[in-house]
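Peer 1: There's a structure below that I have some questions on.
The values are calculated or read from the model by the stated rules, or taken from the named source; none is laboratory data. Keep in mind that this is a model prediction, so the values were computed, not measured. Ideal geometry is used to build each Cβ from the backbone, glycine not excepted, and the neighbour counts take in all protein chains shown. Calculation scope for accessible area: heavy atoms of the full protein, side chains included, ligands and nucleic acids excluded. Shrake-Rupley method; radii C 1.70, N 1.55, O 1.52, S 1.80 Å.
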Amino acid sequence: MKSTVVFGLFLMGTLMVSNNLFAQEVGVNQLVTGDKEQLIENKNLEFQTHFFEALKQKAINNYSKAIESLEACYAIDSTSKAVEFEFSKNYLLLKKYIEAEIFIDKALLQDPKNVYLLTQKVAIYKAQRSFNLAIEIQKEIITMHPSYSDELVLLYLQNQNFEKAEVLIAEIEAKALATSKIKGYKQYIANRKKAMESATSKPKMAAKTNDIATLKKQYETSKDFKLLRQILNSELQSNNFNALYSDSKEGLELFPTQPFLYQINGLALNKLMKYNEAIAVLSIGIDFVIDNNQMEADFYEQLSIAYKGLENESEALKYKQKAEKLRQNK
């Protein structure tokens, strides 16, 4: 009887110890799991803090600082597509094209059909004036998103593929996808054709001063861009806006990638109160401006004037503010 009692007590004690050890083990596992969850949460919070700091620094044009914050994000998660995208954008703004392309390609490996990533790659090629490469990527984009066709038209114009641009515009109009930009590009092509016809069929206007006459005579022989700039600046100073418009438009036929000619042509059109034509020309020309805040601001100022002339106050204010911001960041 005594042995039975002893055995019962032993069994009870064993069960109590076992239960206690089991409870301790569960508690330890829960603690470990809790620590892991807390660690993950802390890392996520740290990632978000660095990522938003990168966005903030980019917004105030501190691209190198933004990259430093992105590097901290990358140390936490080296597979983040969003971080690779932001790396590419900041490197592009710093004109570090190789790095910009490396990171956008890494992001595209994860998401090859992402329109925003593909658009970034187009921007990288455009910045390097690699229009043929940009055109091929843009063609891929519009197979998925036809509404992006206006950018392909612009790329054709920038690459001087005027016939392809005109064909694409006709296709876009047939599908009822034409935007205000498409209408502007169509007007630009029409103006270009008129300028070419005018250049071959109409005699040159007589110069008002001997200096202008001499410059124009030299320009007719040499077709030198510096001489053309002198002529246009002289016409601007004398407020001869009809001549300024005519000569800058003809100049665009010889020098279609010179942003100065688009800007001066847009200015002349504004002075002649041809605001829609001014917007069309300025919208194309601004894409040829590279690393020149003053000229880009001049474009925005003329766009603001044109929209004000059309009594579109919201667009006028938007472009005026863009011009002011660029001039503050000189």
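Peer 1: Starting from the 7 Å offset along Cα-to-Cβ, what nm value, one decimal, do you get for the label separation of LEU317 and LYS139?
Peer 2: 4.4
Peer 1: Treating the beta-carbon of each Lys and Arg as +1 and of each Asp and Glu as -1, no other charges, what is the dipole magnitude of region 120-170 about its Cα centre, to the nearest 20 debye?
Peer 2: 200
Peer 1: Set the bar at 24 Å for Cα to Cα. Now go through LYS194/LYS318; LYS194/LYS274; LYS89/LYS322; LYS126/LYS186 and name every pair that lies beyond it.
Peer 2: Over 24 Å apart, Cα to Cα: LYS194/LYS318.
Peer 1: Which whole-number value in Å² is the accessible area per residue of region 39-122, probe 1.4 Å?
Peer 2: I get 56 Å² per residue for region 39-122.
Peer 1: Given a 1.4 Å probe, how much area per residue of region 222-330 is accessible, in Å²?
Peer 2: 49
Peer 1: Let me ask something else about it. Using 20 Å as the Cα-Cα cut-off, could you pick out the over-long pairs in LYS181/LYS308; LYS193/LYS217; LYS43/LYS113?
Peer 2: As for pairs spanning more than 20 Å Cα to Cα, those are LYS193/LYS217; LYS43/LYS113.
Peer 1: Also, I was wondering about something else. Over the heavy atoms of PHE52, what accessible area does a 1.4 Å probe trace out, to the nearest 10 Å²?
Peer 2: Roll a 1.4 Å probe over it and PHE52 shows about 130 Å².
Peer 1: If you don't mind, another one. Order these peptides, 150-156, 115-121, by their mean beta-carbon neighbour count within 10 angstrom, highest first.
Peer 2: Ranked from most to least packed, the peptides come out as 150-156, 115-121.
Peer 1: For region 35-132, what % of the accessible area comes from carbon and sulfur atoms, probe 1.4 Å?
Peer 2: Ligands and nucleic acids excluded, carbon and sulfur reach 56 percent.
Peer 1: Contact order normalised by length for region 47-199, with contacts defined as Cα pairs under 8 Å and 6 or more residues apart; what percent is it?
Peer 2: 11
Peer 1: Normalised by the residues of region 246-312, what does the relative contact order come to in percent, with Cα pairs under 8 Å and at least six apart?
Peer 2: Rounded, it is 32 percent for region 246-312.
Peer 1: While we're on this one: Rounded to the nearest percent, how much of the accessible area of region 133-199 (1.4 Å probe, protein heavy atoms only) is carbon and sulfur?
Peer 2: C and S atoms contribute 54 percent here.
Peer 1: Fully extended, how many nm does the chain gain between SER238 and GLU41 (0.36 nm per residue separation, minus their Cα-Cα distance)?
Peer 2: Stretched fully, the SER238-GLU41 segment lengthens by 64.1 nm.
Peer 1: Ignoring any ligand, DNA or RNA, what whole percent of the accessible area of region 231-330 comes from carbon and sulfur when the probe is 1.4 angstrom?
Peer 2: Carbon-and-sulfur percentage of accessible area, whole number: 44.
Peer 1: Sticking with this one: Among the aspartates and glutamates, select those whose C-alpha is under 16 Å from the C-alpha of LYS325, and discard any that sit fewer than 8 residues away in the same chain.
Peer 2: Excluding near neighbours in sequence, the set is ASP291, GLU296, ASP298, GLU301, GLU315.
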